[in-house]
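Peer 1: One structure coming up, written as structure tokens, with questions to follow.
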Amino acid sequence: MLALAVAAGALFYGCQGNKESGAAGDAASRVYVAPGSYDEFYAFMSGGFSGQLSVYGLPSGRLFRVIPVFSQDPEKGWGYTEETIPMLNTSHGFIPWDDAHHPEFSMTDGVPDGRWIFINGNNTPRIARIDLATFRTAEILEIPNSGGNHSSPFTTENTEYVVAGTRFSVPMFDNQDVPIDSYKQNFKGTVSFIKVDQASGHMKLAFQILMPGFDYDLAHAGKGPSHDWMFFSSYNSEQANTMLEAEASQNDKDFIAAVNWKKAEEYVAQGKARPVPARYAHNVYDESRHLATSDMLESVLMLDPKDCPGLVYLLPTPKSPHGCDVDPSGELIVGGGKLATVIPVFSFSKMTAAIEAQKFDGNVAGIPIVNYAAALAGEVQKPGLGPLHTEFDGKGFAYTSMFVSSEIVKWSLKDFTVVDRVPSYYSIGHLMIPGGDSKKPWGKYVVALNKITKDRYLPTGPELTQSAQLYDISGDKMVLLSDFPTIGEPHYAQAIPADVLREKSVKTFPIMESKHPHVTLGEGETRVERKGGEVHVYMTAIRSHFKPDNIEGVKVGDVVYFHVTNLEQDWDIPHGFAIKGAANSEMLLMPGETQTLKWKPLTAGVYPMYCSDFCSALHQEMQGYVRVSAPGSTVPLSSNGLKK
């Protein structure tokens, strides 16, 4: 069946060529945003293997910003400055590159509220929180007992929790060095619930739930009547450990795991969760200090469903499900079986009734399997090939991406019939409607996040640009409006009306409120200090000079720390700082911010330094020199002739 599906998909794909989809003649005007005008929406798209999060305007597709999260970013000095290096710390050490998949807004009453957006690091399991006032990563929490943090970070209805489900089940606890072919005996999954402080946003790993050794793929929270529940899709119910392409496609149905997180809270309060050793990093960037800290934590609370009745149930779901999506009412749960011929739609009320009546078809590791027919609301028949992910327009319709047949399929939530379909160019993965996974979607557009572009753009060697496509869904029929390139592989995206974020955007950091331990509040406080083999330069930057801009008395073998404070209090006037031979990238300083560049000169000489971000008409004149003398030199330490 897999071969047939792929072959059919290849045929469909091959027939598309570079045909247009019948875009309306006025499509250009519908995505045109006049100079000086604003877009309707901010769209946040995962950067995939770039480890970053990119911000676009909709409908224009204009790129506004790339937010560094799990990867070093030389444009902003992220992960290079002494202040930001701790953000990339993990239990495995400094990890400067990861794989980011699923951004998710914080929610209030099931609606994106514009406070934060979360995103997962897939390879070294992590979850990050980005502050939407600064568009900067504020916190990163490593997830222990996990391998491939894929089904995350999806938020509950009021951001009580963000969740993280392991893609790869792994051996854990004191039983980790085991033969791989003992998978069925020794490999386990986990789903993690991270508590979010509603005032500060700070994250804390509240508890984990031990799960069968499946691969956990995606998740979504319940809402309204299903508020207390979280749903996780899973595949590899065969618990295969090799050639999963075939070995994990044997069963007609895998599972969506329905987790009652309110019940989990009760069990934790009753002391049912046992503490288990788990080493993981918690990194926080403090905007008042402009400084990150990293703490290493040593244990986590673990619940085992076999000891906690009513905690977890399994919904049989055809076949190799990826999507796991809850409609705006909170009543319908949609599975997206990559190899399925139908789209199953479960009813939350039927599921709970089936649980009450104990309509079970066995269990896995003590977790009851709910009878498929008893929980089913209906099936979407002949939807296409390769259903992956579904979002909702708030007007009674669902939109499902079909990876194999490369199309978006629109279907009715009333009778589960297909009402429209439109091709995508080419293989669509996720799709996104602004607010499309919330209680109140802004259902004007759907964005296709495509995997392959082939002939859509000018060639750039063997690798072509990643791509998104914008469709108008305001009428009965979907209409393709535009293509635009994206950064990395755009796995998933979220969008929110611009008005929710625009006015709260931070413009400057008040210089007199800075608590950075090395802040320089004015040019009168600039200085150089020696502490043994370290030289600390307390420097200011303001249009169009550094102070000090002439430093002598540094010796080969010294470690020099440039603590540079941007004294500007004017919006959009950053300064940069770079010095010849620095092993790290230059750094970028926002108005009122202090950052530190570490430099180890290797040879004697005079080294120029300069502002690396164009800041004024005299930007080129914003420069200086550092004189480095041989070891043992008697040249006194001085700045602009003032000896220390």
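Peer 1: Within the group VAL300, VAL268, which residue is part of a helix (DSSP H, G or I), over 30 Å from HIS518 (Cβ atoms), touching a residue at least 12 places away in the same chain (Cβ under 8 Å) and hydrophobic (A, V, I, L, M, F, W, C)? Let's see the steps before the verdict.
Peer 2: Values: VAL300 fails: part of a helix (DSSP H, G or I).
So the residue among VAL300, VAL268 that is part of a helix (DSSP H, G or I), over 30 Å from HIS518 (Cβ atoms), touching a residue at least 12 places away in the same chain (Cβ under 8 Å) and hydrophobic (A, V, I, L, M, F, W, C) is VAL268.
Peer 1: Separate question: Filter the stretch 323-375 for residues that are out of contact with any Gly (no Cβ under 9 Å at 6 or more places or on another chain) and of a type in the set (S, T, N, Q); which is surrounded by the fewest Cβ atoms within 10 Å (Cβ to Cβ)?
Peer 2: The selected residue is GLN358.
Peer 1: Follow-up question, since we're still on this one. Can you name the residue in the stretch 425-458 that is open to solvent by less than 10 Å² (accessible area, probe 1.4 Å), of a type outside the set (A, V, I, L, M, F, W, C) and free of Cβ contacts under 8 Å to residues at least 60 places away in the same chain and is also nearest to SER106 (Cα to Cα) among such residues?
Peer 2: Out of the qualifying residues, it is GLY436.
Peer 1: Checking the conditions here, which among VAL55, VAL6 is modelled with pLDDT under 50, under 30 Å from the mean Cα position of the chain (by Cα) and hydrophobic (A, V, I, L, M, F, W, C)?
Peer 2: Numbers: VAL55 fails: modelled with pLDDT under 50.
Answer to the selection: VAL6.
Peer 1: For the stretch 539-577, which positions are open to solvent by 10 Å² or more (accessible area, probe 1.4 Å) and assigned to a strand (DSSP E or B)?
Peer 2: Correct list: ILE542, HIS545, LYS547, ASN550, GLU552, LYS555, VAL559, TYR561.
Peer 1: Continuing with the same structure: So, VAL506, is that one in a strand (DSSP E or B) and of a type in the set (A, V, I, L, M) or not?
Peer 2: no
Peer 1: Name the pairs: first residue in the stretch 57-71 and closer than 15 Å to LEU501 by Cβ and of a type in the set (Lys, Arg), second residue modelled with pLDDT of 95 or more and open to solvent by less than 10 Å² (accessible area, probe 1.4 Å), Cβ to Cβ under 7 Å, at least 6 apart or on different chains?
Peer 2: So the pair list comes out as ARG65/VAL55.
Listed here are the residues, each with its yes/no results for (1) under 26 Å from the mean Cα position of the chain (by Cα); (2) hydrophobic (A, V, I, L, M, F, W, C).
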| site | (1), (2) |
| --- | --- |
| THR159 | yes, no |
| MET172 | yes, yes |
| ASN175 | no, no |
| SER182 | no, no |
| GLN185 | no, no |
| LYS195 | yes, no |
| GLY201 | yes, no |
| TYR216 | yes, no |
| GLU245 | no, no |
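Peer 1: Separate question: Hey, does the stretch 126-139 have a residue that's open to solvent by less than 10 Å² (accessible area, probe 1.4 Å) and on the phi > 0 side of the Ramachandran plot?
Peer 2: No: zero hits.
To keep it simple, each residue is scored yes or no on (1) out of contact with any strand residue (DSSP E or B) (no Cβ under 7 Å at 6 or more places or on another chain); (2) of a type in the set (A, V, I, L, M, F, W, C); (3) at pLDDT 95 or above.
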position: ARG543; (1), (2), (3): yes, no, yes
position: ASP549; (1), (2), (3): no, no, yes
position: ILE573; (1), (2), (3): yes, yes, yes
position: TRP599; (1), (2), (3): no, yes, yes
position: TYR610; (1), (2), (3): no, no, yes
position: HIS619; (1), (2), (3): yes, no, yes
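Peer 1: Do the conditions hold for TYR80, that is, is it closer than 26 Å to ILE127 by Cβ, in contact with a strand residue (DSSP E or B) (Cβ under 8 Å, 6 or more places away or on another chain) and not in a strand (DSSP E or B)? Step through it out loud before you land on a result.
Peer 2: Values: closer than 26 Å to ILE127 by Cβ: yes; in contact with a strand residue (DSSP E or B) (Cβ under 8 Å, 6 or more places away or on another chain): yes; not in a strand (DSSP E or B): yes.
Answer is yes for this residue.
Peer 1: Search the stretch 250-295 for residues being exposed (fewer than 13 other Cβ atoms within 10 Å of the Cβ) and in contact with a Ser or Thr (Cβ under 7 Å, 6 or more places away or on another chain), and hand back the single one that is farthest from LEU332 (Cα to Cα).
Peer 2: PRO277
Peer 1: Something else now. Of all residues in the stretch 142-176, which are charged (D, E, K, R) and at pLDDT below 95? Give the derivation first.
Peer 2: First, pick out the residues of the stretch 142-176 that are charged (D, E, K, R): 142, 157, 160, 167, 174.
Answer for the stretch 142-176, where residues must be charged (D, E, K, R) and at pLDDT below 95: just ASP174.
Peer 1: Which one of the conditions (1) crowded, with 23+ Cβ neighbours inside 10 Å; (2) out of contact with any helix residue (DSSP H, G or I) (no Cβ under 8 Å at 6 or more places or on another chain) does GLU529 fail to meet, given that it meets all the rest?
Peer 2: (1)
Peer 1: Could you give me the residue pairs with C-beta distances under 7 Å whose first residue belongs to the stretch 603-618 and is over 18 Å from MET539 (Cα atoms) and open to solvent by 50 Å² or more (accessible area, probe 1.4 Å), whose second residue is of a type in the set (Val, Ile, Thr) and assigned to a loop (DSSP other than H, G, I, E, B) wherever it lies, and which are 6+ apart or on separate chains?
Peer 2: THR603/VAL556; ALA604/VAL556
Peer 1: For the stretch 376-385, which residues satisfy the criterion of being in a loop (DSSP other than H, G, I, E, B) and either surrounded by fewer than 18 Cβ atoms within 10 Å (Cβ to Cβ) or among the basic types (Lys, Arg) (or both)?
Peer 2: Initial filter on the stretch 376-385 (in a loop (DSSP other than H, G, I, E, B)): 382-385.
Of everything in the stretch 376-385, just one residue is in a loop (DSSP other than H, G, I, E, B) and either surrounded by fewer than 18 Cβ atoms within 10 Å (Cβ to Cβ) or among the basic types (Lys, Arg) (or both), namely LYS382.
Peer 1: Quick check: anything in the stretch 576-598 among the acidic types (Asp, Glu) and closer than 29 Å to TYR285 by Cα?
Peer 2: Yes; the residues of the stretch 576-598 include at least one that is among the acidic types (Asp, Glu) and closer than 29 Å to TYR285 by Cα.
The values are calculated or read from the model by the stated rules, or taken from the named source; none is laboratory data. Bear in mind that the values here come from a model prediction, so they are computed numbers and not experimental data. Virtual Cβ from ideal backbone geometry, glycine too; neighbours counted across all protein chains shown. Surface areas here come from the heavy atoms of the whole protein model, side chains and all, with no ligands, DNA or RNA. Shrake-Rupley method; radii C 1.70, N 1.55, O 1.52, S 1.80 Å.
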